Amino acid sequence: MRRARIGVVGAVVEDTIDRPGEATVRDMGGGYHSIIAMSVLLPAEFEAVPIVNVGADALARVRADLERLPRISQDGIRGVPAINNKVHLEYDGRGGRGETLTGGVPPLAWEDLEPWIGELAAWCWNFIAGNEVDRDTFERVKRAAVGPLHLDVHNLCLGPPREGKPREPRPLPDWEGWVEGTTWVQLNEAEAGLLWNGTPQAPSRVEEAALADRIWSLGVEGLLITRGERGATWFPSGGTAYHAPATTGPGIDPTGCGDVFGATWLALRVARGMDPEAAVRGAVLASGAAATVSGTARLADALAVAAETILHSELTRG
């Protein structure tokens, strides 16, 4: 029997992670976090299809890595004659980080995405590089896509790469146009601030409610705001906000936790049919587990432990 498929769009990158007082970590990242979360959390009757351009220098490794993951199809992997995206993440010990992007992977074109229209049960869009697709192409996908479309705004809120320097936070021009017509929108608190008033400062609770109301007016079913070690909040259209507190202690590395959160939400909500409150609780637990490792080499093991709780405990009950 053919498996139902969830498309995962988001750049695969090679990470270099520097945290104060810790050894440098070099590992695959970006879309790997979402892909690995899908591999662990999807049921057997589903598979995830990463739809992504990969630079020629990284293609062999990406294919070999994904070959080892269950419930992952490589049908959407496309090698391109470019240097693969590489990201240097530098944490400052105060919760901030700089993100320097190099590499030259081009955006996906409509011709790369059109074959998947009607083939996918849902779409997980995570703008890791911020240029995975241009606005016009994204509009075409939204109009034609079948099933839910989850949008993690993510690095749409970072400016363009600056040679040798970290990218700068920026308000997303015409953010309403990007958001309109999606099913679920995911933001962290800084991104919520950039959408609300153009600054990367967390909005007040009143401002968050007003932002949620604006997003709902664009046809969105619900807003998810992630809060790191303080969990995440689900703002359903026409309903009461629900906060899921973190259930694990402080982690060692937040890299990729938001990516894991979004992929887990989609796997639980779409593939496993959980109600939104259970899905957000599970996504918080999975992202907390992701924070216990640095890089992606041990991510699947950490998420497998979390999955036991997510799928087999009181967490999944209403």
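Hey, can you tell me all the residues within region 285-301 that are surrounded by fewer than 21 Cβ atoms within 10 Å (Cβ to Cβ), without any contact (Cβ under 8 Å) to a residue 60 or more places away in the chain and not basic (Lys, Arg)? Steps first, answer last, please.
Taking region 285-301 and keeping what is surrounded by fewer than 21 Cβ atoms within 10 Å (Cβ to Cβ), we get 292, 295, 297-298, 300-301.
Cutting the leftovers down to without any contact (Cβ under 8 Å) to a residue 60 or more places away in the chain gives us 292, 298, 301.
Those that are surrounded by fewer than 21 Cβ atoms within 10 Å (Cβ to Cβ), without any contact (Cβ under 8 Å) to a residue 60 or more places away in the chain and not basic (Lys, Arg): THR292, ASP301.
Looking at the structure I just gave you, is ASN53 buried (at least 18 other Cβ atoms within 10 Å of the Cβ), assigned to a strand (DSSP E or B) and in contact (Cβ under 8 Å) with a residue 12 or more places away in the chain?
yes
Residues in region 56-66 that are free of Cβ contacts under 8 Å to residues at least 12 places away in the same chain and touching a helix residue (DSSP H, G or I) at 6+ places or on another chain (Cβ under 8 Å): none.
The sole residue among LEU172, LEU158 that is in contact with a helix residue (DSSP H, G or I) (Cβ under 9 Å, 6 or more places away or on another chain) and either free of Cβ contacts under 8 Å to residues at least 12 places away in the same chain or crowded, with 16+ Cβ neighbours inside 10 Å (or both) is LEU172.
Flag: LEU187 matches the condition of being assigned to a strand (DSSP E or B) and of a type in the set (A, V, I, L, M, F, W, C). Scanning region 190-207 for residues that are touching an Asp or Glu at 6+ places or on another chain (Cβ under 7 Å) and either of a type in the set (Asp, Glu) or assigned to a loop (DSSP other than H, G, I, E, B) (or both) turns up just one, ALA202. Consider region 183-240 and keep the residues that are of a type in the set (D, E, K, R) and under 15 Å from the mean Cα position of the chain (by Cα). The one that is surrounded by the most Cβ atoms within 10 Å (Cβ to Cβ) is GLU191. One residue stands out among those in region 16-36 that are assigned to a strand (DSSP E or B) and touching a Ser or Thr at 6+ places or on another chain (Cβ under 7 Å): the one that is farthest from GLU47 (Cα to Cα), which is ASP18.
Within region 140-170, the residues that satisfy the criterion of being more than 19 Å from the chain's Cα centre (by Cα) and over 21 Å from LEU89 (Cα atoms) are ARG140, ARG143, ALA144, VAL146. Check GLU163, GLU114 and return the single one that is at pLDDT below 95, surrounded by fewer than 18 Cβ atoms within 10 Å (Cβ to Cβ) and more than 23 Å from SER287 (Cα to Cα). It is GLU163. The residue that is nearest to GLU99 (Cα to Cα), among those in region 37-50 that are touching a strand residue (DSSP E or B) at 6+ places or on another chain (Cβ under 8 Å) and part of a helix (DSSP H, G or I), is MET38.
Here is the figure for region 9-21: residues that are surrounded by 17 or more Cβ atoms within 10 Å (Cβ to Cβ) and either of a type in the set (D, E, K, R) or under 17 Å from LEU59 (Cβ atoms) (or both) total 7.
Being within 25 Å of LEU268 (Cβ to Cβ), surrounded by fewer than 20 Cβ atoms within 10 Å (Cβ to Cβ) and among the small types (Gly, Ala, Ser) is a property that ALA144 lacks. Of all the listed residues (THR100, THR137), the sole one being β-branched (Val, Ile, Thr), in contact with a Lys or Arg (Cβ under 9 Å, 6 or more places away or on another chain) and modelled with pLDDT of 95 or more is THR100. For region 58-83, what are the residues that are within 22 Å of ALA297 (Cβ to Cβ), surrounded by fewer than 14 Cβ atoms within 10 Å (Cβ to Cβ) and out of contact with any strand residue (DSSP E or B) (no Cβ under 7 Å at 6 or more places or on another chain)? Those that are within 22 Å of ALA297 (Cβ to Cβ), surrounded by fewer than 14 Cβ atoms within 10 Å (Cβ to Cβ) and out of contact with any strand residue (DSSP E or B) (no Cβ under 7 Å at 6 or more places or on another chain): ALA60, ALA64, GLU67, ARG68, PRO70, GLN74. Restrict the check to region 31-43 and report whether at least one residue is over 20 Å from CYS257 (Cα atoms), at pLDDT 95 or above and surrounded by fewer than 22 Cβ atoms within 10 Å (Cβ to Cβ). The answer is yes, given that some residue of region 31-43 is over 20 Å from CYS257 (Cα atoms), at pLDDT 95 or above and surrounded by fewer than 22 Cβ atoms within 10 Å (Cβ to Cβ).
The values are calculated or read from the model by the stated rules, or taken from the named source; none is laboratory data. Nothing here was measured: the structure is a model prediction, and the numbers come from that model. When we count neighbours, we look across all protein chains shown, and the Cβ atoms used for this are built from the backbone with ideal geometry, even at glycine.
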